[in-house]
């Protein structure tokens with residue numbers, strides 16, 4: 001495969017695309033983030049990278065909490081809308097008819113139609129340049145009970161999750177293997 005070389009850039013893809021909910025006092029918002037991932041297992045840590053000029057930046061900085069809401073095909077339109085509109089100008093929950101419910105460990109709402117919600121408490125804020133990274137402990141995980149089988153296995157493949165890749169949204173495809181399948185003994 002012949003390659004061409006570009007200067008360094010944000011080309012890791014696909015990424016999970018999440019609707020992030022946040023609240024500071026009476027102000028709350030939902031916005032889209034693709035700069036996210038897992039940092040550690042024990043303790044469970046995640047991050048989101050947010051531009052300082054975003055409406056939600058101050059809400060998260062002040063409250064030190066947020067919820068990562070995984071997005072689905074059914075939430076794709078809301079996911080895009082919440083990434084290009086500002087909570088300074090409108091109530092995006094109302095505009096996109098997003099139903100919420102109370103979280104168990106943080107003061108931010110959960111999106112009811114998200115199959116998995118990660119309740120997060122910020123431990124560190126790292127200034128990076130265009131974005132600041134909010135590093136957070138995952139203090140609770142809320143899962144749609146319809147995705148959990150009788151053996152308590154989460155079947156996330158049934159959630160119809162979407163991913164983000166270089167400015168576009170994609171449905172996730174079929175499973176081609178599972179962790180360790182290349183070394184599993186028959």
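The values are calculated or read from the model by the stated rules, or taken from the named source; none is laboratory data. Everything numeric in this text was worked out from a predicted model, so none of it was measured. Don't worry about glycine lacking a Cβ; one is built from the backbone with ideal geometry, like all the others, and counts go over all protein chains shown.
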Considering only the range 17-40, I want to know if a residue exists there that is surrounded by fewer than 14 Cβ atoms within 10 Å (Cβ to Cβ), under 23 Å from residue 124 (Cβ atoms) and at pLDDT below 95. yes
Consider only pairs whose beta carbons are under 8 Å apart and that are at least six residues apart or on different chains; among these, list those whose first residue lies in the range 167-186 and is over 14 Å from residue 15 (Cβ atoms) and whose second residue is at pLDDT 85 or above and not in a loop (DSSP other than H, G, I, E, B). 171/73; 171/162; 175/157
Within the range 75-96, does at least one residue satisfy the condition of being in a strand (DSSP E or B), in contact with a strand residue (DSSP E or B) (Cβ under 6 Å, 6 or more places away or on another chain) and surrounded by 15 or more Cβ atoms within 10 Å (Cβ to Cβ)? no
Of those in the range 100-139 that are free of Cβ contacts under 8 Å to residues at least 60 places away in the same chain and not in a strand (DSSP E or B), the residue farthest from the chain's Cα centre (by Cα) is 129
Among the residues of the range 170-179, are any crowded, with 16+ Cβ neighbours inside 10 Å, part of a strand (DSSP E or B) and in contact with a helix residue (DSSP H, G or I) (Cβ under 8 Å, 6 or more places away or on another chain)? no
